Amino acid sequence: MSLLEVRDLDAGYETGQVLFGVDIDVERDEVVSLLGRNGAGKTTTMRSIVGADEPTVRGGSVTFDGHDLLATKTHDIPRLGLSLVPEARRCFGDLTVTENIRLAANHAEDPRSIEAMFERFPELDDMRDRAAKNMSGGEQQMLAIARSLVTNPQMILLDEPCEGLAPYIVRRIEDIIQEISENEGVTILLVEQNVAVALATADRHYLIDEGHIVDEVTTERLREDEELRQRYLGV
Amino acid sequence: MSTSSSRTLGLDRLSAGGAAVWGAIALLLLVALAVEPGLFVDQFVGGLVYGMTLVLIALGLSIILGLLGIVNFAHGALFMLGAYFTYQLMALWGLPFWVALVVAPLLVGLVGVLMERLVLQWLYDEPPLAGLLAAFGIALMIQEATRAIWGDTPLSVATPAVLAQSADLAVTTVARIRLFSVVVAALVVLGVYLLIERTDFGLSVRAGVQDREMAGFLGIDMPRRFVLMFFLGAVIAGIGGVLQGTAVGMSPTMGQQYIIITFVVVVVGGIGSLFGSVVAGLLIGEAVFLTPLVLRSLADVTGVGALAVPGIGGLVPYLVMILVLLVRPRGLYGQEGFME
Amino acid sequence: MPKITRRRALEGLGAAGIAGLAGCSSGPGGEGSGSGGTTTGSTGPMEITLGLFTPNSGAFAPWGPSLETGTRLAIQDLENELDVSVGLEVYDTKTDPSGALDAMKRAVTADGIDFAQGGINSSVCTKIGTWASDNNVSYIGQGASDSLRGEACQPFMYMVYQTNHMMATTIGREMADTTDNWYVLYADYVWGHNAEQVVTSAVEENGATVVGKDATPFPNDDYTQYINNVANSDADGVALLIPGPDASRAVKQMRNQGLTDITIGAQMLEDMVFWGLDHEAAAMVDIASMGWVNTIDGVGDFNDRVAEAGELDPFVRHAKSYTSADQHVRAAVRAGSTRAEDIREELEGHEVQSAAKDIHGGGEMYWRACDHELVSPVFSATAREASAMQDDPYKQWFDVTDTTPGDDVVRSCEETGCTL
Amino acid sequence: MSRDATAGVLERLGAVELGVWQVPLGLLAVAVLLRPVVSHDLMLGYPQVATSFLIWMIIVASFNLLMGYTGLISFGHAMFMGIGTYSVAIALSSFAVPFLVAAPLGILLSAGVAYLVGRLIAHKGEIYFAMLTLAFAKSAHFVANYNPGGLTGGTTGLADGTMPAWIETSRGFTYVALGGFRIDWYWAVAAVFVVGMLLLWQLVRSPFGRTLVAVRENEALARAMGVDVRRYKVWAFTFAAAFAALGGVLLEINNQGATLSELSIVTSGNIIIMAVLGGANYFFGPLAGVFVWMFVEEYLADFHTLVLPLTEVPLARIELAGVLVYWQFFLGLLFVVAVLVSPREGILGLLKTVLGRLSARIRGESE
């Protein structure tokens, strides 16, 4: 059984349905990406998995490590070992770096030590007492990942971690993704618009278009099939 | 922590224009001090006492507004209930003041929780006006129920003997019950500050204020915290009611009388900033007490009698608000983008 | 009790017209609108519907029940004594002139009241009194402001309460006799402004000085800053011109703040406002002018009847409501009509001989024609020692020290500025 | 995001814009039917109150131009109504200026004050804007209470000499008498109501009104599209004040003068409540709100005995007088229920939903 199983998921907002029968499987220790154009339904998928207030899930099932996520309250999900790093990072701007991390650790089942996070991300160590809103986008992204990692998750949902970041930081993020996947045994579902990041980090790729999973491909095929990329990703 | 507290203290925001305003105010105060030194001290202390009463009510309001985005119009009614519960406990059941001081606020807290669970929790995601209207309805209900239970005639309880006299502060005398109120209010402010700034619970609440959904994604049970904070806000209003009821008595209109001025305090302080509410409460308390005196002194000095406008005291909080908001659109310490 | 609807009033009017009684002189908007009230037929008791306007909500709500109790007692007595059947409709004035006006319109047009009474604060009295007069409805109010029988007086409006001027003149002398320097605290609304003027001049005419004054918001519950002003002045007396529970709060706060030696004089004190307080605070009042107090000699069983019937112990509003209903209905019975013009003819110059006079201690009481004031005695009073205050079967906390005939203190007709 | 917002704007416009004839006919129907309906024995049973209903409908509709269409919430709207009322009352009582001159002046004055205040505060954040309007309203109240030069009459207000000569009144019936003609005051108000509301409606469906809705729906987007948001807000504020003053001017005659309650923030609060109660998203929402609020207030305040099921066949009589002294309790309960059941749409929206479901059921459709 896969670690994360999304089956036949229908979801949408007041204005209309967005996801139509989405199926996604992520095996333990895999890095899987979910690719698609702007508005294809990537973030909606992520939000549906963690049970956010919106969108409303209208059908299907989401199972994580044997738990039915649709029947689990959003704030209980992190304790199952599934952690979300949301789109736009959403660090708590008025809290310091330490506070952001400590907050996440406080509400985890079996957290890692906060000091371990600073060792893991030396950039953050230098700015422990800085308010998150005074950090650069790349630093905030690292904080968001640290905040997630401190909860000692089995799996992280990473929503567009490289959006709007400078190329050298994008490479740093790519490295981090690979490290936590390979060295720390964390499973990752990555949403990206930046195909290069997905190619560099993920093993498998789901292509989503207008709320339908239209294909599931290997990294190799995605790299070679330009027509496929053009059709679904516009690149 | 250091950056965060300098932010809360607003030390990084002192501008040249602000300095000029403060300078002018200081000059006016000096004139008043020179003309009537004894009265000035009396009024200054009086303003402090009154300001702390405002702070006590504003604090709960500010917590609920800042955290839940609910304009809790019923907060004045909770304050009033604190006073009437005191009457029930002391005058009707013969319990001592110190019991009332603890029990009445807890009862008010329960009423607050009931309000939140039955009504307001369904409105968190609605426009603020929906919450305001529902809270207004609740305020009406509480007020009418109060009239039905305890009657229209204002009531009072005997001030406990230790607090009944006046305290001699060398420069002025103040009613002891008022002084006691200031001490309790200060302790409450301190307690809330420690709770919010220094505990893990406070940390999660601060996070929830900034991004409720993200806090949920991190595993924080925000609804439970909302109930607790609502309870806390109601308890504080209840404490205010006990003190006010003991000092001046209780009437079914006392909630109405205070609710609007308390909103003024919260807005002047800046929505979302507890510290702002404290500063604004004291500022408005002093302004209400000192403005008439300043005007009278000015009238004496300049010989322009028209400056001493009778009855100006009631308008002062609103004038302060206009001034503050024209200079600082978000109030003294308001958060950027919050309720804007 | 049959409810008199507009239609029924019109039928009665038609019948009356046929019977050739009472010329049906319509007002300007006459036809079909009822020209004002019922007239007696030759048989059966006279039927009158009385509209009572009383604050059941808002800042004056504590007074509300007393107006109704007083009125009902009067109706009981009238029905026993005279061949009359009086229906009572009660309306909430909400202390808001516009709300009171809405109620008045409804009372007159829909419920067919014959005449109106009630209203405590001057703004409500002015509003409904002006409207009533313009619409040919007789109205007896309870406001104490001089303007109500001065520039704002109306042809069909009457006031049953002693005026500010009368009461201030009464205690001005006493206040000046007691001590020389007075500080005036007055409520920032029409009655307070009026009281401030008359008390200040009364005090100064009698040789004392007003050393300072403050307008206090109404309603208000924190008097600290004004008490500070008093404490820092040369005053050894405070004139409290503050209505309602606020006055009691001010006194309590003076005591809490240690200002116990000062002489307190209260204009138009209504003892009811102290009943929510402890005895000690009330005992601080040294001099008070009162429109009525339940320790007047000769009150008879009125106190007991009020205590039995009402939610509130007997105080001035009971007596004034009783007097309003008593006088209004008697005038209608004498005239055999409830038309405003007819009642005016009966009331102007009429001297009170009924039970209302006994309740007021038996002094001379008469309706002055020039300003429609019920000229009646003013009572000076002082608070009892806390230990001497009676609570059962009803509260008696104040004693009458002097009674001043109304004629001694009422403004002359020329001074009022009213031209009726 | 932007696509959603645009769709939202279009949808709102759809909800707001009824067929071309629906609104004029609806307004006419309200004006003609209101009085017979409220004066029916089973309703309030007396006609005079209908005039007040119409006047308040104008006032609350003017407020809804702010709240419903522009998304501005003012806690001081009564001030602008009160300026109209006081202008006329002062002009008549102190300066003997004819009503027909004083009324337009009062409306202009109100609009002028609104324009200046709007310039100062229209761009402030929602709550801050609301509280500033409250502060200005308090100041206006203070000035009127202060009674400068004896003009405003302080807390007594103005009553004597505040009626124009062509108003005749006797035992509660008011007529407008002009050159031998005499019409009931209600019909005069009804005429002003229909014309005024039509003007307001034209304003709402003009490009100006559509821009206001766009501003409300997404201020940032409107700004990005080149709309001078602040200017639109200021003008919306000004127009709202003018219409409020129109209501205020009528109120002066209806209430015979002016009192402080016309300037009080309680009145401003009532205006908000009526607008929200009816449903701020609908042009007719405020009208429904006024009807419900005033009806309930009158009904509860005078409802002493409940006879079940009919007066003619009294099976049960319940004495309610003792409870209904506290009628505001039930008013409060009504708000709570209304807000909980339909927080955004008000009574009218609630009605629409219920009727929609009902008709669906009648047609045999399942939900």
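Annotations
- Hey, C:Val108 hydrophobic (A, V, I, L, M, F, W, C) and touching an Asp or Glu at 6+ places or on another chain (Cβ under 8 Å) or not: no
- Of all residue pairs spaced 6 or more apart or on separate chains, those with beta-carbon atoms under 7 Å, a first member in segment C:114-133 that is at the interface with chain D (Cβ under 9 Å from one of its Cβ atoms) and a second member that is open to solvent by 10 Å² or more (accessible area, probe 1.4 Å) and among the acidic types (Asp, Glu) are C:Thr130/D:Asp160.
- Residues in segment C:220-241 that are open to solvent by less than 10 Å² (accessible area, probe 1.4 Å), among the hydrophobic types (A, V, I, L, M, F, W, C) and not in a helix (DSSP H, G or I): C:Val238, C:Ala239, C:Leu240, C:Leu241.
- Qualifying residue in segment B:102-115 (condition: within 14 Å of chain D (Cβ to nearest Cβ) and either closer than 26 Å to B:Leu274 by Cβ or open to solvent by less than 50 Å² (accessible area, probe 1.4 Å) (or both)): yes
- Comparison of B:Ile196, B:Ile177, B:Ile236, B:Ile260 shows that the only residue that is open to solvent by 30 Å² or more (accessible area, probe 1.4 Å) and among the β-branched types (Val, Ile, Thr) is B:Ile260.
- Among the residues of segment B:144-159, those identified as among the polar types (S, T, N, Q) and under 23 Å from the mean Cα position of the chain (by Cα) are B:Thr146, B:Ser156, B:Thr159.
- Looking across segment D:25-63 at every residue that is under 17 Å from C:Ala107 (Cα atoms) and in a helix (DSSP H, G or I), the one that is most open to solvent (accessible area, probe 1.4 Å) is identified as D:Ser39.
- Number of positions in segment B:277-317 that are part of a helix (DSSP H, G or I), more than 10 Å from chain C (Cβ to nearest Cβ), of a type in the set (Gly, Ala, Ser) and without any contact (Cβ under 8 Å) to a residue 60 or more places away in the chain: 3
Yes/no per residue for (1) of a type outside the set (Ser, Thr, Tyr); (2) part of a helix (DSSP H, G or I); (3) more than 21 Å from the chain's Cα centre (by Cα):
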residue	(1), (2), (3)
B:Asn72	yes, no, no
B:Leu81	yes, yes, no
B:Phe85	yes, yes, no
B:Gly94	yes, no, yes
B:Leu114	yes, yes, yes
B:Ala130	yes, yes, yes
B:Ile142	yes, yes, no
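- Criterion (farther than 17 Å from A:Ile176 by Cα, in the same structural domain as A:Ile24 (by TED's automatic domain parsing) and open to solvent by 10 Å² or more (accessible area, probe 1.4 Å)) met by exactly one of A:Asp76, A:Asp129: A:Asp76
- Strands (runs of 3 or more DSSP E) contained in segment C:51-161 and holding at least 2 residues among the hydrophobic types (A, V, I, L, M, F, W, C) and touching a His at 6+ places or on another chain (Cβ under 8 Å): C:157-159
- Residue-level analysis places B:Ala158 among those that are surrounded by fewer than 23 Cβ atoms within 10 Å (Cβ to Cβ) and within 7 Å of another protein chain (Cβ to nearest Cβ).
- Considering segment C:308-420, the qualifying helices (runs of 4 or more DSSP H), each wholly inside and each with 1 or more residues that are buried (at least 20 other Cβ atoms within 10 Å of the Cβ) and in contact with a Phe, Trp or Tyr (Cβ under 9 Å, 6 or more places away or on another chain), run over C:316-335, C:340-347, C:355-359, C:406-409.
- When D:Arg230 is tested against (1) away from chain C (no Cβ under 14 Å); (2) among the basic types (Lys, Arg); (3) open to solvent by less than 60 Å² (accessible area, probe 1.4 Å), just one condition goes unmet, and that condition is (3).
- Any hit, segment C:78-95, residues being within 23 Å of C:Trp191 (Cβ to Cβ), assigned by TED's automatic domain parsing to the domain that holds C:Ser321 and open to solvent by less than 20 Å² (accessible area, probe 1.4 Å): yes
- Taken together, B:Val49, B:Val41 contain a single residue that is assigned to a helix (DSSP H, G or I), out of contact with any helix residue (DSSP H, G or I) (no Cβ under 7 Å at 6 or more places or on another chain) and touching a residue at least 12 places away in the same chain (Cβ under 8 Å), which is B:Val41.
- Exactly one residue out of A:Gly41, A:Gly12, A:Gly93, A:Gly59 is more than 24 Å from A:Ser181 (Cβ to Cβ), touching a residue at least 12 places away in the same chain (Cβ under 8 Å), within 14 Å of chain B (Cβ to nearest Cβ) and of a type in the set (Gly, Ala, Ser), and it is A:Gly93.
- Counting only helices (runs of 4 or more DSSP H) that sit wholly inside segment A:101-210, those with at least 3 residues that are farther than 19 Å from A:Leu3 by Cβ and under 18 Å from the mean Cα position of the chain (by Cα) are A:137-149, A:167-182, A:195-201.
- If you go through segment A:79-90 and pick out every residue that is on the phi < 0 side of the Ramachandran plot, open to solvent by 10 Å² or more (accessible area, probe 1.4 Å) and either more than 9 Å from chain B (Cβ to nearest Cβ) or modelled with pLDDT under 85 (or both), you end up with 2.
- Candidate set from segment C:202-219 (those that are part of a strand (DSSP E or B) and polar (S, T, N, Q)); member that is surrounded by the most Cβ atoms within 10 Å (Cβ to Cβ): C:Thr216
- Looking across segment B:267-315, just one residue is among the acidic types (Asp, Glu) and open to solvent by 40 Å² or more (accessible area, probe 1.4 Å), and that is B:Asp300.
- Taken over segment A:62-78, residues that are within 9 Å of chain B (Cβ to nearest Cβ), closer than 25 Å to B:Glu126 by Cα and not in a loop (DSSP other than H, G, I, E, B) amount to 3.
- Unique match (being buried (at least 17 other Cβ atoms within 10 Å of the Cβ) and over 22 Å from A:Asp25 (Cα atoms)) among A:Ile208, A:Ile188, A:Ile173: A:Ile173
- Near pairs, Cβ below 6 angstrom, 6+ apart or cross-chain, from segment D:99-112 (modelled with pLDDT under 95) to any residue that is surrounded by 14 or more Cβ atoms within 10 Å (Cβ to Cβ) and not in a helix (DSSP H, G or I): D:Phe99/D:Pro164
- Test for C:Val375: is it in contact (Cβ under 8 Å) with a residue 12 or more places away in the chain and closer than 29 Å to C:Val251 by Cβ: no
- Some residue of segment C:266-275 being at pLDDT below 90, surrounded by 23 or more Cβ atoms within 10 Å (Cβ to Cβ), assigned to a helix (DSSP H, G or I) and more than 26 Å from the chain's Cα centre (by Cα): no
- Selection count, segment C:149-170, where residues are farther than 14 Å from C:Cys370 by Cβ, within 13 Å of another protein chain (Cβ to nearest Cβ) and in contact with an Asp or Glu (Cβ under 7 Å, 6 or more places away or on another chain): 1
The values are calculated or read from the model by the stated rules, or taken from the named source; none is laboratory data. What you see is a predicted model, and the numbers here were worked out from it, not measured in a lab. Positions of Cβ are backbone-derived with ideal geometry, glycine not excepted, and every protein chain shown enters the neighbour counts. Heads up: the accessible areas ignore ligands, DNA and RNA and are worked out on the full protein's heavy atoms, side chains in. Shrake-Rupley method; radii C 1.70, N 1.55, O 1.52, S 1.80 Å.
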